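The values are calculated or read from the model by the stated rules, or taken from the named source; none is laboratory data. Being a predicted model, the structure only gives us computed values, none of them experimental. Every residue, glycine among them, receives a Cβ derived from its backbone with ideal geometry; neighbour counts consider all protein chains shown. With ligands, DNA and RNA removed, areas are computed over all heavy atoms of the protein, side chains included. Shrake-Rupley method; radii C 1.70, N 1.55, O 1.52, S 1.80 Å.
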Amino acid sequence: MLVYLESLGCRLNAAEIETLARHFAGAGCSVVDAPEAADVIVFNSCAVTVAAARKTRQRLRQFHRQNPGARIAVTGCWATEDGARAGAFEGVAWVIPNEEKYRLPARVMGRQPPLEAPLPWSPGRWGHTRAFLAVQDGCDHACTYCVTRLLRGPARSRPPAEVVAEARGMLAHGAREIVLTGVSLGAYGQDFRDLDEAYSLAHLAASILDEMTHVEAQPGTQRPRLRLSSVEPWDVDARLLHLLEHPRFCRQLHLPLQSGADATLKRMGRRITASQFAALTEQARAIAPDVALTTDVIVGFPGEGAAEFEASLAFVERMAFSRLHVFPYSERAGTAAIKLPDAISPRVRKRRAARMRALGQRLAAAYREHFVGATLPVLWERQDARGRWRGWTDTYIAVVTRTPTDLYNRITPTKLVGESGRAMRGEVVSA
Ligand code: SF4
C-alpha cells in the first residue's frame, strides 16, 4: 500500500505523523512523498483557531482534487472536534479522533501491524531533519480560550525509560537536534503517581542530555543538542532554567505570554501575572544572557480595551522577545471565553495583530543585530531554491550560507556576519 502522510499545526502533530509513518513502513507499506502517488492519505488535522480548522478543510478538498482515487484517513484535533463533518468530505474513508490516533494504522490496514517494529527515525526520511519527540499529551489547565485541552484530553506523560530509549534510537540514527514536544510539555511527570520523588521535564531533559554527551563526535559536525518546545511559564522551575548552562541544551525558551495585561490574563484563566512573567525572564537571562525568549500573544481577547492592549504592547516591548507568534483572538466552540462579554470587532483584532507583529519584527531584528560578528553552532537542514544552505542557531535564529560543501544535518560553528531578510548570513568557520 502506498501511504502519504501530512500534518498541520503543532510540533506534537508533526512528531505523531512521523511516528505513524514509521509504523506504516514497519508494516510493509511504502511511504510516498506526494498525495498524488498515494492509495491512502493520512492527515493529522488542527483546530487551535478558526483559521486552522478552515485550513484543515481546504487541505482535505485539495487532497481529493489532487487524487480522487485515494482514501483519506483524517485524525487530529479537527477530526476530534467535528468528526461527523469530517466524515462527509469527499474521499474521507476514516475519521479517527485523537484518543485512537495510534490505532490508525490498524484501522487503515484492517489488521494489527507489528507495532513493536516501527522503522527507526532518521533525519529527513519521515519529514523533518530535526527529531520531534512526543513526550506528553493533553492538559489539565483551563485557559478560557483554549480548545486544545478539550480535544487532547487530560495531561499524560510517556514513561521516562520509553522516551529516553526513543531518544537514544534517534541519536543512533543521526539526530543532530531532538525537540521535545507535547501539549503541556512543562507538566511532564506531574501525572506520575508511583514515584518516590518528583520526576519533571527537567529530569527527563537531563537524562537525554546525558545520552547526548555519550554520542561520539562525528567528523565535520558537533555533538547533538536538545531543544524544548513550548513550556507554560508557571511550569518553569530553577532546575529547568539551569539546563540553559548545559553545552548541549539549546538556549531558547518558548514561554507563551498570551497577554501583557493582568486583567486580560485573569479573563484568560492564565496562572501567571505580568510581573511574575517578568521575574521569570530575569532569572533566565541571569543564567543565560543571550537566551532566546520566544512567545505567543493573543490580541483582541474579549474585554481587551485600548488601555489593556497598550499595556500588553508595552510589556512585550519590555520583555524584548526574540520571536513573537501573534494570534488575533479566535472564538472556539466549547471554550469558556466564547461566553465572555465585550467582544472586540474583527477589524480591531486585525489592526492590533498588525501592530503587535510589527513590534515583534522590530524586536527580532534587534535580537539578531546583537549577534553580528558572533560565532554560534548552526544546524543546517536544507538548501533553498537559491542554492543557499538554511539552518538554525541554538538560539533559534535562521541562518543562510553559500558553500559547495554538503552541510546537510550537520552542526557547524558559524560566524554571523549580517542580516539577510528575516535570517542572518553566516560563514561556516570549520566544516
Ligand atoms: S496550558 Fe492553557 S493554553 Fe496550554 S494547552 Fe493547557 S489550557 Fe491550553
**OP:** With the checklist (1) hydroxyl-bearing (S, T, Y); (2) at pLDDT 95 or above; (3) under 24 Å from P377 (Cα atoms) in hand, flag the one item T221 doesn't pass.
**Re:** (2)
**OP:** Of the conditions (1) at pLDDT below 95; (2) within 12 Å of the ligand (Cβ to nearest atom), T148 clears all except one; give me its number.
**Re:** (1)
Original post:
In segment 168-201, what residues are charged (D, E, K, R) and surrounded by 15 or more Cβ atoms within 10 Å (Cβ to Cβ)?
Top reply: R168, R176, E177
**OP:** Taking only segment 420-430 into account, find how many residues are under 27 Å from A284 (Cβ atoms), at pLDDT below 95 and part of a strand (DSSP E or B).
**Re:** 0
Subject >> Criterion (buried (at least 19 other Cβ atoms within 10 Å of the Cβ) and away from the ligand (no atom under 15 Å from the Cβ)) met by exactly one of R248, R285 >> reply: R248
**OP:** Restricting attention to strands (runs of 3 or more DSSP E) lying wholly within segment 345-408, give those where 1 or more residues are out of contact with any Lys or Arg (no Cβ under 8 Å at 6 or more places or on another chain) and at negative phi.
**Re:** 375-383, 389-393
Subject >> Options S207, S230; residue that is within 16 Å of the ligand (Cβ to nearest atom), touching a Pro at 6+ places or on another chain (Cβ under 7 Å) and under 29 Å from L171 (Cα atoms) >> reply: S230
Original post:
Looking at segment 336-366, which of its residues are surrounded by 20 or more Cβ atoms within 10 Å (Cβ to Cβ) and closer than 21 Å to W78 by Cα?
Top reply: A337
Original post:
Which one of the conditions (1) in contact with a strand residue (DSSP E or B) (Cβ under 8 Å, 6 or more places away or on another chain); (2) touching a residue at least 60 places away in the same chain (Cβ under 8 Å); (3) over 28 Å from L228 (Cβ atoms); (4) open to solvent by 20 Å² or more (accessible area, probe 1.4 Å) does C29 fail to meet, given that it meets all the rest?
Top reply: (4)
**OP:** Take segment 263-279 and flag every residue that is in contact (Cβ under 8 Å) with a residue 40 or more places away in the chain, more than 16 Å from the ligand (Cβ to nearest atom) and open to solvent by 20 Å² or more (accessible area, probe 1.4 Å).
**Re:** A263
**OP:** Kindly establish whether R158 is closer than 22 Å to C77 by Cβ, at pLDDT 95 or above and away from the ligand (no atom under 16 Å from the Cβ).
**Re:** yes
**OP:** Could you check how many residues of segment 382-397 are over 14 Å from C250 (Cα atoms) and surrounded by fewer than 21 Cβ atoms within 10 Å (Cβ to Cβ)?
**Re:** 8
